[in-house]
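The values are calculated or read from the model by the stated rules, or taken from the named source; none is laboratory data. Since this is a predicted model, take the numbers as computed values, not measurements. Methodologically, a virtual Cβ is constructed for each residue, glycine included, from the backbone with ideal geometry; neighbour enumeration extends over all protein chains shown.
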Amino acid sequence: MRYLQRSIVLLGVFLLLASGAGAEELTVQVRNGQLRQSPSFLGKIVAEVSYGDTVGVMAERGDWVQVRGGGKLGWIHSSALTDEELELAAGDKDAASAASSDELALAGKGFNSDVEAEFKARNEDIDFTWVDRIEKIIITPEQMRAFLDYGEVTPPAGGGQ
């Protein structure tokens, strides 16, 4: 009887390990991506991944993908990932010219350099000095979380996009 119990346990462990081996792999297509503790842009950053890194898909929730990368488990927005093979070569400009996750988020909303140039051309009398200054302000996730906590704001599930 003990032999049968051990065999069942070993078979279960083998099946568990084998099921993880077939996990889908995706490639990071942004210069710097953040793995977050929860599927939200406001989630705590637990690790960072870089352009060309391969991550294993563990789960999906809406536009968010839970991945294992760099030895860490975390959530990353699907726009930062691709299933296409990226060409990486030493000294190549791909990583330097890759879009940041912020740029991808803006592009997903239809904003890009062409749209900005067209807007500026149609509105020549607008002074963008303050916009340029505001763009240089960096707010850390911890500062954002403190701000939301202070105002007793609870982001909706999925990241408050």
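Given the criteria at pLDDT 90 or above and surrounded by 13 or more Cβ atoms within 10 Å (Cβ to Cβ), does ARG31 qualify?
In short, no.
Can you name every one of the helices (runs of 4 or more DSSP H) wholly within the stretch 93-143 that holds 3 or more residues which are closer than 26 Å to ALA47 by Cβ, among the hydrophobic types (A, V, I, L, M, F, W, C) and modelled with pLDDT under 85?
Working: elements: 94-97, 101-108, 113-122, 129-135.
So the answer is 101-108.
Please go through the stretch 55-67 and give me each residue that is more than 17 Å from ASN32 (Cβ to Cβ) and touching a residue at least 40 places away in the same chain (Cβ under 8 Å), ordered by number.
Listed by number, the residues that qualify are ARG61, GLY62, ASP63, TRP64.
Within the stretch 24-35, can you find the residues that are in contact (Cβ under 8 Å) with a residue 60 or more places away in the chain and part of a loop (DSSP other than H, G, I, E, B)?
Pass one, the stretch 24-35, residues in contact (Cβ under 8 Å) with a residue 60 or more places away in the chain: 29-34.
Listed by number, the residues that qualify are GLN29, VAL30, ARG31.
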